[in-house]
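Chemist: I'd like to ask you about the structure that follows.
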């Protein structure tokens, strides 16, 4: 393992230990009292209770003093689903306001399927056709492999 990887692992362990301290728990609890709703959902006007603090900027992890300074490090109060969305580049679907979708999309998959039923049906057909083709190629490949294996074992037994 490289020295950089060791340094990163040690830093993560130190930050995990810091998150368990009374100082951090008190600060994060106070932040969550000030910001009771998930900021990811609140952008769409939906109130979901926040349960943890998300640090979106890497520089906020440099020191414990920066990490705990929520007002100045861009920290966000988020729900557990909102935290998942932050780490995976998702946003609340602007159409249904129930599901998550990639940040660059206009709507989630379910809303797109409702808006484009003929295309959705065509995509289902194409996916099924692709699965059939892949399975057919696998069967053919497996049969060819077994045939070659049988030929080799026949050659070896004749020697």
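The values are calculated or read from the model by the stated rules, or taken from the named source; none is laboratory data. Small disclaimer: the values here were computed from a predicted structure and weren't measured. As a convention, Cβ positions derive from the backbone with ideal geometry for all residues, glycine included, and neighbour counts pool all protein chains shown.
A quick yes/no check of all residues on (1) part of a loop (DSSP other than H, G, I, E, B); (2) out of contact with any strand residue (DSSP E or B) (no Cβ under 9 Å at 6 or more places or on another chain); (3) exposed (fewer than 13 other Cβ atoms within 10 Å of the Cβ):
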| position | (1), (2), (3) |
| --- | --- |
| 11 | no, yes, yes |
| 14 | no, yes, yes |
| 25 | no, yes, yes |
| 29 | no, yes, yes |
| 66 | no, yes, no |
| 81 | no, no, no |
| 85 | no, no, no |
| 96 | yes, yes, no |
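Chemist: Tell me which residues, restricted to the range 31-52, are part of a loop (DSSP other than H, G, I, E, B), surrounded by 17 or more Cβ atoms within 10 Å (Cβ to Cβ) and out of contact with any helix residue (DSSP H, G or I) (no Cβ under 8 Å at 6 or more places or on another chain). Before the answer, list the steps.
Modeler: Start the filter on the range 31-52 by keeping residues that are part of a loop (DSSP other than H, G, I, E, B), which leaves 35-36, 38, 43-48, 50-51.
Checking the rest, the ones that are also surrounded by 17 or more Cβ atoms within 10 Å (Cβ to Cβ) come to 35, 38, 48, 50.
35 - this is the single residue of the range 31-52 that is part of a loop (DSSP other than H, G, I, E, B), surrounded by 17 or more Cβ atoms within 10 Å (Cβ to Cβ) and out of contact with any helix residue (DSSP H, G or I) (no Cβ under 8 Å at 6 or more places or on another chain).
Chemist: Next question. Restricting to the range 53-64, and then to whatever is surrounded by fewer than 17 Cβ atoms within 10 Å (Cβ to Cβ) and in contact with a helix residue (DSSP H, G or I) (Cβ under 9 Å, 6 or more places away or on another chain), can you tell me which residue is modelled with the highest pLDDT? Explain how you work it out, then say what you get.
Modeler: Residues of the range 53-64 that are surrounded by fewer than 17 Cβ atoms within 10 Å (Cβ to Cβ), as a first pass: 56-59, 61-64.
From what is left, the residues that are in contact with a helix residue (DSSP H, G or I) (Cβ under 9 Å, 6 or more places away or on another chain) are 56, 59, 61, 64.
Values: 56: 87, 59: 84, 61: 79, 64: 84.
Restricting to residues being surrounded by fewer than 17 Cβ atoms within 10 Å (Cβ to Cβ) and in contact with a helix residue (DSSP H, G or I) (Cβ under 9 Å, 6 or more places away or on another chain), the top hit is 56.
Chemist: Can you pull out every residue in the range 68-79 that is closer than 15 Å to residue 34 by Cβ and crowded, with 17+ Cβ neighbours inside 10 Å?
Modeler: 68, 70, 73, 75, 76, 77, 78
Chemist: While we're on this one: Return yes or no: is residue 120 modelled with pLDDT under 90 and more than 22 Å from the chain's Cα centre (by Cα)?
Modeler: Against the criterion (modelled with pLDDT under 90 and more than 22 Å from the chain's Cα centre (by Cα)), residue 120 qualifies.
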